[in-house]
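The values are calculated or read from the model by the stated rules, or taken from the named source; none is laboratory data. None of these values were measured; they are calculated from a predicted model. Backbone-built Cβ (ideal geometry, glycine too); neighbour counts: all protein chains shown. Please note that ligands, DNA and RNA were not included when accessible areas were found on the heavy atoms of the full protein model with its side chains. Shrake-Rupley method; radii C 1.70, N 1.55, O 1.52, S 1.80 Å.
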Amino acid sequence: MLTEKSFSAGSACPRLEKGTLRHYSMRFCPFAQRSRLVLVHKKIPHETVNVDLKQKPDWLLAKSPKGKVPCIEINGKTMIESLVICEYLDEAYEPKNLLFSKDPWKKAEQKILIEQSSEILGPFYSLLRSNDGDKEAAEKLRDFLHRFEKNLKGDFYGGDHPDAVDYMIWPWYERLGVLSELRDFDFSETEFPHLTGWCKRMASDETVKAIMFDDKTHVAYASSSLNGTPNYDIGLD
């Protein structure tokens, strides 16, 4: 069984058996969490290799040219980009249990929401990296959350159960506690009743529970990363 600890520069790439699906990841990467959620939800047999993104092993660059995760590999072929990987996994494995809609129009609507969700990245990380609390970034993040509050029409974006939209956007909501703890960002039930309710339901989802970290762990990782010494192996000692 492969270790969960991160492989760094100078390490040898673990041998990959023919026919085995491998997921190159980093435990705290929100983009890699997307594909991990799909792998878990669809119960796809796979193995995970976590990598050190600060001191990357050379072999990662041979598989993922920009040295990014997630990346998947099987039978000598590799694939990068989280959304591309997630859509491939959804279609290639357990097609009766699809996260993306079979209906072309509905699928397009899902992709639009997922694309729009990427607007959280700028203000989220600007606020996280600011030492004195970036008020402009906080306001942009709040505006973004209000828009997604209005887009939520049921218990989940997928209706009465999570679908591709829910799982693709969840990683950043799981990390909002980091902003609350480190940057005093207020994500309140009073201001965001629908989103906070959705977060509680998502946190109770079996797929999410299988791989999520609590606020304390996320804060510990974020703090180490902000200090320039990211601890990818928190909790594994």
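Surface composition of the chain: carbon and sulfur atoms hold 50% of the protein heavy-atom accessible area at a 1.4 Å probe. The charge dipole of the chain, taken about its Cα centre with unit charges on the Cβ atoms of Lys, Arg (+1), Asp and Glu (-1) only, comes to about 800 debye. In a simple Cβ point-charge model (Lys, Arg +1; Asp, Glu -1; nothing else charged), region 75-180 has a dipole of about 80 debye relative to its Cα centre. Heavy-atom accessible surface of the chain, averaged per residue, reaches 53 Å², computed with a 1.4 Å probe.
Computed with a 1.4 Å probe over protein heavy atoms only, the accessible area of SER117 comes to about 10 Å². Report, in listed order, any pair from LYS5/LYS209; LYS63/LYS96; LYS107/LYS153 with a Cα-Cα distance greater than 24 Å. Too far apart for the 24 Å limit: LYS63/LYS96.
Counting heavy atoms of the protein chains alone, TRP198 has an accessible area of about 0 Å² for a 1.4 Å probe. Ordering PHE100, TYR125, LEU182 by the projection of their Cα atoms onto the charge dipole of region 95-193, which places +1 on the Cβ of Lys and Arg and -1 on the Cβ of Asp and Glu, puts PHE100 at the extreme positive end.
Quick check: from the Cα gyration tensor, does region 1-60 come out rounded (a/c under 1.5), prolate or oblate? Taking the square roots of the gyration eigenvalues as a ≥ b ≥ c, region 1-60 is oblate. Within the chain, the longest run free of exposed loop sites, counting GluC sites (Glu not before Pro) that sit outside DSSP helix and strand states (H, G, I, E, B) and have at most 13 other Cβ atoms within 10 Å, spans 18-188. Helical runs assigned H by DSSP (4 residues or longer) give the chain a calculated mean residue ellipticity at 222 nm of -15000 deg cm²/dmol, each run adding -39500 (n - 2.57) before division by the residue total. Computed over neighbours whose Cβ is under 13 Å from that of PHE187, the net charge equals -4, Lys and Arg +1, Asp and Glu -1. Taking the DSSP bridge list for region 1-101 and keeping only pairs wholly inside it, about 60 percent are antiparallel.
Where both bridge residues fall in the chain, DSSP classifies roughly 60% of the beta bridges as antiparallel. Charge dipole of region 150-221 (Cα centre as origin; +1 on each Lys and Arg Cβ, -1 on each Asp and Glu Cβ, all else neutral): 100 debye, rounded to the nearest 20.
Which shape class, rounded, prolate or oblate, goes with the chain when its Cα gyration tensor gives a ≥ b ≥ c as root eigenvalues, a/c under 1.5 marks rounded, and past that a/b bigger than b/c marks prolate? Cα axes put the chain in the oblate bin. Label region 56-179 by shape, choosing from rounded, prolate and oblate, from the square roots a ≥ b ≥ c of the eigenvalues of the Cα gyration tensor; if a/c is under 1.5 it is rounded, and otherwise prolate applies when a/b is larger than b/c, oblate when it is not. The shape class here is oblate. Per-residue surface analysis assigns LYS66 an accessible area of about 150 Å², computed on protein heavy atoms at 1.4 Å probe radius.
The Cβ shell under 12 Å around THR196 holds other residues with a net charge of -2, Lys and Arg each +1, Asp and Glu each -1.
Farthest towards the positive end of the charge dipole of the chain, among the residues PRO14, THR229, VAL84, is the Cα of PRO14, using unit charges on the Cβ of Lys, Arg, Asp and Glu.
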